[in-house]
Amino acid sequence: LSSQSDEVLTVIKAKAQWPAWQPLNVRAAPSAEFSVDRHRHLMSFLTMLGPSPDWNVGLSAEDLCTKDCGWVQKVVQDLIPWDAGTDSGVTYESPNKPTVPQEKIRPLTSLDHPQSPFYDPEGGSIKMVARVVIERIARKGEQCNIVPDNIDDIVADLAPEEKEEDDTPETCIYSNWSPWSACSSSTCEKGKRMRQRMLKAQLDLSVPCPDTQDFQPCMGPGCSDEDGSTCMMSDWITWSPCSVSCGMGTRSRERYVKQFPEDGSMCKVPTEETEKCIVNEECSPSSCLVTEWGEWDECSASCGTGMKRRHRMIKMTPADGSMCKAETTEAEKCMMPECHTIPCLLSPWSEWSDCSVTCGKGMRTRQRMLKSAAELGDCNEELEQTEKCMLPECPIDCELTEWSQWSECNTSCGKGHMIRTRMIKIEPQFGGTACPETVQRTKCRVRKCLRGPGMEKRRWKEAREKRRSEQAKKNLDSEQYPVCRLKPWTSWTECSTLCGGGIQERYMMVKKRSKSTQFTSCKDKKELRACNVHPC
């Protein structure tokens, strides 16, 4: 700032909100006022997230001047966290781990590390952690070129905030204290142990910052009564069975170290207890003599709960010759340090595959890869997903019934024609094959017509008498043997849809149904056809 003081108009001064997770209803969001002019209208700021390794949020060169030489009225910007490249910690409270050599500042991502609070195995966008609002509040008279304050005066003007309990000025921003080092003395002579922290920022050069190192007197391992208290132990496991089936024996119980001392020394607290036990003081002749139990085998699990076994031998069988009932193998649960599950490290999902069909409904898939090592454990996350896909409807070709029988010739003599027909069962849709002809006509020839009007009149009269005779015969048959009679076809119903393919229906209802069992197939008829097949 000092070297570029000619380019700086205002240094933004704002108090810290510490710690970062403190709710906004406890302390209002910090705010500050600053000035811009037509030559210096770029605004930048950076604020650390605490506690964190070296994470921060901010803006770089935000232009508050509009293209038409006006001023931006309001800017609201959600901010993602950035990594300053100076510390390699992966969680908010990771111990100090300087990055050597230092890296360039970069935005954090959701795939940086499985233990990161921002981790997302699918590689989604990272969560916003802060919001900044920049709002124009006033115009400083008519001055376009405001003379800036001296940069040293501005920096020195930063007011000290309230002091924390450890008397560290809030203008001094430190990392967390490191764990205590091992004691400098390995004997019972007095020594010293040390812890340290890093000064990350000194906002006010006029306020001195306390030391970055802290010392404490100590003695070597085993010289202080307090050494044992630094071991964090599990609860005692239940007592083992007595080592003998009769008489006096021993039994034991165990516990394990959950956390060793911070100074790295060995834990002196006992992890096993043994005591005497008596079983059946007056042993009978059927009692057998067994050896002491052997050492326990190793636990079957490397972490969490497992099983362990121990064995003993029969030294002497019962005096009465009976079978020895004493157990020679014993098993019990064993507790190892708690298992730490490592989440699956997966690649992002691939693009969806092409649909399995070229038209209509089908399926498509996508995959991702397992990136974490197999020895870290089984990963139960799915590696493939399937979903339905829909393409334009498949073409439907026209379908027709079989041809009917040829009709009679339309003349009683001379040349004429006869026809046959077929019905449309399914109308074509979505570009399917069109329907071919549904009516065919062919020529027919009956005997030669006799000439003369008298002869023609006579033939017409004979044909009329023949038709009347046939009709009378049909009426007689219908009275003796009732048949199935149907009404004419109804009109087609309205289409079920306006576009995209619908259905129309029409019906032929039974007019008269025979009671005879010979005509059980006499039923109402229904026909369907497609309609409005044009796309919507």
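The values are calculated or read from the model by the stated rules, or taken from the named source; none is laboratory data. Only a predicted model underlies this, so the values are computations on that prediction, with no experimental measurement involved. Cβ atoms come from the backbone with ideal geometry, glycine included; neighbour counts cover every protein chain shown. Ligands, DNA and RNA are stripped out before the accessible areas are found, and what is left, the full protein with its side chains, is counted by its heavy atoms. Shrake-Rupley method; radii C 1.70, N 1.55, O 1.52, S 1.80 Å.
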Fill in: Selected residue [part of a loop (DSSP other than H, G, I, E, B), modelled with pLDDT under 90 and either touching a Cys at 6+ places or on another chain (Cβ under 7 Å) or open to solvent by 80 Å² or more (accessible area, probe 1.4 Å) (or both)] from E351, E408
E408
Worksheet entry | Failed item in (1) in contact with a Lys or Arg (Cβ under 8 Å, 6 or more places away or on another chain); (2) closer than 30 Å to T99 by Cβ; (3) in a loop (DSSP other than H, G, I, E, B), with A32 passing the rest | (2)
Worksheet item: Can you tell me how many residues in the stretch 173-213 are in contact with a Gly (Cβ under 8 Å, 6 or more places away or on another chain) and either open to solvent by less than 40 Å² (accessible area, probe 1.4 Å) or free of Cβ contacts under 8 Å to residues at least 60 places away in the same chain (or both)?
Response: 9
Fill in: Residues of the stretch 43-93 that turn out to be within 36 Å of the chain's Cα centre (by Cα) and part of a loop (DSSP other than H, G, I, E, B), as a count
17
Worksheet item: In the stretch 368-387, is there at least one residue being modelled with pLDDT of 85 or more, under 30 Å from K425 (Cβ atoms) and out of contact with any Pro (no Cβ under 8 Å at 6 or more places or on another chain)?
Response: no
Worksheet entry | Residues of the stretch 75-94 satisfying the condition of being open to solvent by 70 Å² or more (accessible area, probe 1.4 Å), at pLDDT below 90 and not aromatic (F, W, Y) | E93
Item to complete: Collect the residues in the stretch 37-65 that are open to solvent by less than 40 Å² (accessible area, probe 1.4 Å) and under 30 Å from S178 (Cβ atoms), keeping them in residue-number order.
Response: L49, G50, P51, S52, P53, D54, W55, N56, V57, G58
Response to the item:
A careful count of residues in the stretch 1-36 that are among the β-branched types (V, I, T), open to solvent by 90 Å² or more (accessible area, probe 1.4 Å) and at pLDDT 75 or above gives 0
Worksheet item: Of all residues in the stretch 379-408, which are in contact (Cβ under 8 Å) with a residue 24 or more places away in the chain, of a type in the set (V, I, T) and under 25 Å from M363 (Cβ atoms)?
Response: I396
Worksheet, complete the sentence: Taking first residues from the stretch 504-530 that are modelled with pLDDT of 70 or more and second residues anywhere that are polar (S, T, N, Q), the pairs with Cβ under 6 Å that are 6 or more apart or on different chains are Q504/T493; E505/T493; R506/T490; Y507/T490; R529/Q504; A530/Q429
Fill in: Subset of the stretch 65-85 [on the phi > 0 side of the Ramachandran plot and touching a Ser or Thr at 6+ places or on another chain (Cβ under 8 Å)]
G85
Discussion item. For a quick check of your reading: which strands (runs of 3 or more DSSP E) sit entirely within the stretch 218-336 and have at least 1 residues that are at pLDDT 85 or above and open to solvent by 50 Å² or more (accessible area, probe 1.4 Å)?
Written reply: 247-254, 272-279, 305-311, 329-335
Worksheet entry | Residue list for the stretch 388-418, restricted to those being among the polar types (S, T, N, Q) and within 30 Å of R529 (Cβ to Cβ) | T401, S404, Q405, S407, N410
